[in-house]
Amino acid sequence: MQQFWKTVLEPLLSAVRPRTLVEVGSWKGDNTRRLIAWCAREGARLHVIEPAPDYDIAELRRQVGDALIHHTTLSLHGLSLIDAPDLVLIDGDHNWYTVFHELELLDRRAREGGWPFPVVVLHDVGWPYGRRDLYYNPETIPEEYRHPHRRAG
């Protein structure tokens with residue numbers, strides 16, 4: 001999502017002024033670092049849900065302290081741990097099952113918690129992921145929802 005920082009994300013953050021942000025999927029942490037810098041300036045908190053981060057979480061925590069809460073788990077578990085998010089960036093597991101259930105979980109938690117549904121930004125909704133699923137770890141998707149797949153180019 002970092003390629004949309006100046007044109008979409010930073011203006012959106014300025015407009016929404018979220019106190020609790022959630023980033024689902026952070027991979028190498030490029031966007032995470034920008035979000036963390038924004039949170040540190042604005043006094044907000046960032047929850048990052050990333051089961052296999054490719055960056056030093058401890059180093060980021062040393063830099064920003066309590067502004068970063070990292071959940072090293074799958075999104076469908078991690079989202080259930082966060083109360084009242086204001087803004088959620090979804091760029092995790094690129095398949096219908098996961099994204100549908102992330103949105104369903106956000107909706108259910110908002111209704112049950114009595115807080116508003118958060119502003120949600122979805123990444124990778126066009127080709128190819130808008131037309132076919134990607135499974136980072138196919139075993140995490142129930143078999144009845146998994147489409148035929150293979151690891152190939």
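The values are calculated or read from the model by the stated rules, or taken from the named source; none is laboratory data. On a predicted model such as this, the values are computed, not experimentally measured, just so you know. All Cβ positions, even for glycine, are placed from backbone atoms using ideal geometry, and neighbour counts span all protein chains on display. SASA here: full protein model, heavy atoms, side chains in, ligands and nucleic acids out. Shrake-Rupley method; radii C 1.70, N 1.55, O 1.52, S 1.80 Å.
Quick notes on this one:
- HN-Hα J in Hz across the stretch 104-114 - Karplus 6.51, -1.76, 1.60, θ = phi - 60°, x for Gly and Pro: 4, 5, 4, 5, 4, 5, 5, 5, 5, x, x
- Largest GNM mean-square fluctuation across D86, D56, D66, computed for the chain with C-alpha springs under 10 Å, falls on D56.
- Net length gained if the chain between A52 and T140 were fully extended (0.36 nm per residue, minus Cα distance): 30.3 nm
- Sum of -39500 (n - 2.57) over DSSP H runs of 4+, divided by residues of the chain (222 nm, nearest 500): -9500 deg cm²/dmol
- For the stretch 119-125, putting each phi into the Karplus relation 6.51 cos²θ - 1.76 cosθ + 1.60 with θ = phi - 60° gives couplings of 5, 10, 10, 9, 10, 6, 9 Hz, in residue order, rounded to whole numbers and with x for Gly and Pro.
- Within the listed set P142, P18, P51, the Gaussian network model of the chain (springs between alpha-carbon atoms below 10 Å) gives the highest mean-square fluctuation for P142.
- Sequence-distant contacts, meaning Cα pairs under 8 Å at least 6 residues apart, place the relative contact order of the chain at 21 percent.
- Among V16, V24, V119, the largest mean-square fluctuation in a Gaussian network model of the chain (Cα springs under 10 Å) belongs to V16.
- At a probe radius of 1.4 angstrom, the accessible area of the stretch 30-153 per residue rounds to 59 square angstrom.
- A simple spin-label model places the labels of R150 and R108 3.5 nm from each other, with each point 7 Å out along Cα-to-Cβ.
- The fraction of accessible area contributed by carbon and sulfur in the chain is 52 percent, rounded to a whole number (1.4 Å probe; ligands and nucleic acids excluded).
- Those residues of the stretch 24-52 whose amide nitrogen sits under 14 Å from the label point placed on V8, 7 Å along Cα→Cβ: 24, 31
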